[in-house]
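Asks: Supplied in structure tokens, the structure appears directly below.
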Amino acid sequence: MIYKTNEYLGYPDRISIPAGETVKFQLSSKREKVRVEVLRLRCGDVDTNGPGFKYDVMDSAIDGVHACLDQEIRPGSCAVIAHGGTLSPSGDAWSFGAYIFPTRIADNAKAIMGNWCQDTGRGYGLEIDTEGHPVLVLGSARFALKSKARERIWSFVSATLDLANETATLSLIVPADGTRPAAAHAETFYLPADVQLDSGRDFLIAAHHLDEAQKYTGHFDGKIEAPRVFSQALEAETLRVFDWQPRTGAAAQGLVAFWDFGDGITTLAVKDLSANCLNGRLHQLPRRGVTGFFWSGAVHDFRLAPREYAAIHFHSDDIYDCQWQTTFSLDVPDDWRTGVYALRLTPVGDTPEPDCESYVTFFVTPGKKTRRADLVVVLSVATYLAYANSALRLYQVHFETLMEHVLWLPPDDVYMQEHPEIGQSTYDCHIDGSGRAYSSWLRPVLSMRPRGYWFNLINDTHILDWLEEKGIAYDIITDVELDREGARALKPYRAMMTPTHAEYYSFNMMNGIMQYQNAGGRHISMGGNAFYWRCGFHPAAPAALEVRRGMAGTRTWESEPGEVHLAGTGEPGSLWRHSGFAPQKLVGTGFSAMINDACTYYVRMPDSENARAAFIFEGVGQDEKLGNFGFRYGGAVGSEIDRLDYELGTPRHTLLLATSEGLGAGALPTPEEFRTMVDGLDGTQNALVRADMVFFETANGGAVFASGSITYGMSLGYNNYDNNISTITLNVVKRFLDPEPFFMPEAA
């Protein structure tokens with residue numbers, strides 16, 4: 001049966017909620033009513049070949065039928081400045097302009113700055129049209145320059161209104177940049193009679209008003225730098241070179257506003273240097289920390305030269321917060337178990353529709369009255385967001401070749417293609433071709449729910465299902481708590497477990513786990529491609545994960561030169577390996593290869609006979625193939641795999657318990673694993689293309705076990721949970737929960 005999974009869409013205001021606290025849900029549907037149930041998921045995988053879709057229906061105060069609004073998503077970023085009329089042209093003259101770097105000129109006019117309102121035909125503004133001509137908009141009149149702005153070339157666009165003489169001059173300057181001479185173009189027009197230059201609306205940068213409501217349109221695709229407004233008539237070049245003067249602002253005669261985007265890069269505020277202090281706010285999270293007109297290339301960290309990063313990259317498809325009305329709130333009972341929860345949303349009517357159901361996922365974490373277990377599973381929200389609404393299958397031309405199978409599009413992919421406003425993942429690109437640096441949970445995430453994308457969260461629920469089957473008490477928290485609280489989030493627990501694909505980790509997350517391990521905590525790393533990308537939640541937009549793609553690593557786009565640092569925190573958004581904190585330092589193994597063909601298994605290594613590891617292999621034969629089975633993938637070694645590397649920081653006393661065998665030509669190393677292109681890189685010939693299962697002790701009685709493979713957890717439930725991967729994992733969990741301390745070997 002093919003399910004209709006998008007008749008209802010929604011999202012929570014908080015992705016993880018302590019028991020006893022409140023979460024709000026925002027839902028949307030063309031149907032006027034929705035039936036709501038709350039499920040606690042044990043296994044979210046609806047594939048009948050696996051453990052099965054398992055859940056408990058929870059009694060809650062929101063059970064039943066609710067009214068549902070059809071709520072639109074309006075993507076597109078801009079800066080919004082409330083001005084109380086100060087930015088409405090007055091007096092004898094008015095001059096305004098900005099540096100622009102268009103990254104997409106097509107389809108519709110792109111607003112640069114102004115207060116113009118499309119529906120009322122009032123106000124003024126600067127735009128570029130569908131061919132790149134600068135346009136001066138005055139009320140219902142439009143005046144276009146014959147010359148064009150070009151994509152990915154800096155230019156200065158400005159206009160001067162001579163209100164006393166009823167003329168307007170529109171200008172385009174392309175400053176000399178070492179590769180081309182300066183060029184200036186200007187034309188003068190007569191002002192239309194009775195033009196309405198005051199729309200009564202906020203002043204916008206990178207958009208204009210659609211109507212009298214708070215709706216914006218005409219969003220600019222590209223960078224804008226240093227917009228400025230003067231209450232006097234200035235030549236275009238005089239207006240432009242004001243930027244070269246000391247930016248005190250208040251001393252400039254006739255200055256109404258000058259927005260310095262290099263001030264407050266880590267915030268969502270835009271600062272006006274003029275005496276009017278017409279500061280503004282950013283809407284829908286455009287990208288800061290980007291190179292501007294004055295970037296010299298001498299530094300690549302905006303914190304060292306904010307003057308060179310005084311631009312903002314706006315996109316017509318930026319989306320941070322759908323800003324939907326709240327449909328209802330749930331006061332999470334303080335006696336609810338921690339876990340993965342979901343709203344199940346179904347139609348209301350006389351005719352049953354068994355093929356129509358949708359889900360909104362959220363996570364319940366320990367509350368003030370929760371009795372803590374000894375084991376905590378740290379679910380990977382950062383990774384779920386990094387992949388949220390991935391559209392690679394739709395737009396990446398190499399995807400079929402990469403996956404080595406014929407492309408097929410499930411209903412969610414079709415929906416995303418028809419509704420791009422929902423926003424995509426950090427693996428995808430904006431409409432202008434630049435990579436998406438942000439992903440937020442304040443929008444529907446189709447890939448983080450049952451009957452949707454089977455990767456990441458759904459795979460992780462196989463581990464939760466196994467813990468339930470084996471009767472092991474556990475709590476869940478998410479890496480959001482780890483990011484906010486560091487090691488304090490882990491302190492109540494004797495052992496922690498990270499799931500199948502803990503790929504995206506912030507500074508606080510990495511150091512929180514390391515601090516926990518050094519204090520004697522035990523860590524069971526159940527996945528592969530773990531602790532790979534350095535990322536961060538934006539401090540000013542805490543529902544948004546920020547990712548910058550450095551110049552190495554497995555990536556589908558690459559950051560522009562000079563734009564690797566996270567705008568929210570300033571730290572480099574690269575691989576943890578290139579920040580001096582390779583995953584091997586944390587759990588002994590790090591990303592080695594992707595497997596694009598058949599999955600395989602482990603074989604035991606001599607270290608598995610070491611007395612320190614005896615507990616791990618109780619009940620497992622020396623010659624057994626470990627994990628030559630598994631749901632969906634067919635083997636415990638698959639998808640993405642990790643290996644030990646002493647040079648990258650694997651502790652010297654680490655035991656290599658098992659390693660993969662039988663990898664084929666579709667097992668290929670990650671780019672950072674080789675420096676030159678040579679024959680023999682694939683898994684049939686390259687000894688570095690492998691998955692390693694490792695164990696080592698840490699200080700103060702702690703220990704670490706790492707499986708080194710994403711698909712390891714998908715083998716746990718095979719043969720009704722009776723198999724050697726299940727046995728090994730149960731042995732590890734039981735010993736890690738035993739209070740008896742581990743002891744580091746004397747040679748360590």
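What follows draws every value from the coordinates through simple rules; no lab data is involved. Because the structure is predicted, anything quoted here is derived from the model rather than measured. Positions of Cβ are backbone-derived with ideal geometry, glycine not excepted, and every protein chain shown enters the neighbour counts.
Asks: Could you please rank R14, R449, R643, placing first whichever residue has the fewest other Cβ atoms within 10 Å of its Cβ?
Replies: So the ranking, lowest neighbour count to highest, is R14, R449, R643.
Asks: Let me ask something else about it. What is the dipole size for the range 669-726, taken about its Cα centre, with +1 at each Lys and Arg Cβ and -1 at each Asp and Glu Cβ, in debye to the nearest 20?
Replies: Roughly 60 debye for the range 669-726.
Asks: Given labels modelled 7 Å from the Cα in the Cβ direction, how far is it in nm from N518 to S296?
Replies: 3.8 nm
Asks: Let me ask another. Along the Cα→Cβ direction, 7 angstrom out, place labels at L394 and D119. What is the inter-label distance in nm?
Replies: If labels sit at L394 and D119, their model points lie 2.8 nm apart.
Asks: Charges only on Cβ, +1 for Lys and Arg, -1 for Asp and Glu: so what's the dipole of the range 123-194 about the Cα centre, in debye to the nearest 20?
Replies: Here the range 123-194 has a charge dipole of around 320 debye.
Asks: Considering only DSSP beta bridges whose two residues both sit in the chain, what percent are antiparallel, to the nearest 5?
Replies: Approximately 85 percent, going by the DSSP bridge assignments.
Asks: Continuing with the same structure: Test of understanding: what is the full-extension gain from D350 to H653, defined as 0.36 nm times their sequence separation minus their Cα-Cα distance?
Replies: Full extension from D350 to H653 adds 102.4 nm.
Asks: Sticking with this one: For the range 553-708, what's the relative contact order in percent, using C-alpha pairs closer than 8 Å and at least 6 residues apart?
Replies: 28 percent
Asks: If you don't mind, there's one more thing I want to ask. Given a Förster radius of 56 Å and the C-beta distance between A699 and H66 as r, what FRET efficiency does 1/(1 + (r/R0)^6) yield to the nearest 0.05?
Replies: Calculated transfer efficiency: 0.60.
Asks: Roughly speaking, what is the stretch gain from M677 to M605, that is 0.36 nm per residue apart minus the C-alpha to C-alpha distance, in nm to one decimal?
Replies: 22.9 nm
Asks: Okay, next question. I'd like to verify something in the chain: which complete DSSP H helices, judged by Cα projection on the helix axis, reach 24 Å or more and average at least 0.0 on the Kyte-Doolittle scale?
Replies: Length and hydropathy pass: none found.
Asks: Can I ask one more? Between T86 and H578, what length in nm is gained on full extension when 0.36 nm per residue of separation is reduced by their alpha carbon distance?
Replies: 172.3 nm
Asks: Do you know the relative contact order of the chain, to the nearest whole percent, from alpha carbon pairs under 8 angstrom that are 6+ apart?
Replies: Value for the chain: 13 percent.
Asks: If I take R0 = 41 Å and measure r between the Cβ atoms of K369 and L407 in this structure, what FRET efficiency does the formula 1/(1 + (r/R0)^6) give, to the nearest 0.05?
Replies: 0.25
Asks: Here is a follow-up. Report the relative contact order of the range 78-314, percent, no decimals, based on alpha-carbon pairs under 8 angstrom and at least 6 residues apart.
Replies: Relative contact order, the range 78-314: 24 percent.
Asks: How do H501, H538, H66 line up, fewest other C-beta atoms within 10 Å first?
Replies: Lowest to highest Cβ neighbour count: H66, H538, H501.
Asks: If I model a spin label at E618 and K146 as a point 7 Å from the Cα along the Cα→Cβ vector, what separation in nanometres do I get?
Replies: Taking the simple label geometry, E618 and K146 are separated by 8.9 nm.
Asks: Looking at I641, F53, S16, which one has the Cα that reaches farthest to the positive end of the dipole of the chain (charges on Cβ: Lys, Arg +1; Asp, Glu -1)?
Replies: The listed residue farthest towards the positive side: S16.
Asks: Then there is this: What value, in deg cm²/dmol to 500, does the helix sum -39500 (n - 2.57) over DSSP H runs of n ≥ 4 give at 222 nm once divided by the residues of the chain?
Replies: It lands at -3000 deg cm²/dmol.
Asks: When a/c reaches 1.5 or more, the comparison of a/b and b/c decides; with that in mind, is the range 189-247 rounded, prolate or oblate per its Cα gyration tensor?
Replies: It comes out oblate by the Cα gyration axes.
Asks: So if R0 is 22 Å, what FRET efficiency would D722 and A473 give, r being the distance between their Cβ atoms, rounded to the nearest 0.05?
Replies: 0.55
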